[in-house]
Amino acid sequence: MADEGQIQIDSGVSWLMNRLQGYATERMEFLKEGIAEGVPRAEYEAMVGRYKEAKRWRTFVIEDIFGEFQQTEESQLEDEGLEEMPTDD
């Protein structure tokens, strides 16, 4: 998290992950509002299914994809000798 008064610039990958999670969250909210307003039973079941799928994407799929990407990126940096230097603590 950035300190107050500082601008935090995310990497392209972080930005994309945050953006996708934001879209999934917006989709969930839209579906939740639609369900709460009342819809015919056939539509209700379909909307609940879409809500659960958006929640699954936000909670698991997006993080898994980007977790794998991060591991691959770290592995490549280590292979190239660019891993982080140990700190003197």
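Nothing in this text is a laboratory measurement; each read-out follows from the coordinates by a stated rule. All values reported here derive from a predicted model rather than from experimental measurement. Backbone-built Cβ (ideal geometry, glycine too); neighbour counts: all protein chains shown.
In order along segment 45-59, phi translates into HN-Hα couplings of 4, 5, 5, 5, x, 5, 4, 4, 5, 5, 5, 4, 4, 5, 7 Hz, rounded to whole numbers, per the Karplus curve 6.51 cos²θ - 1.76 cosθ + 1.60 with θ = phi - 60° and x for Gly and Pro. Relative to the Cα centre, the charge distribution of segment 14-78, modelled as +1 at Lys and Arg Cβ and -1 at Asp and Glu Cβ, gives a dipole magnitude of about 380 debye.
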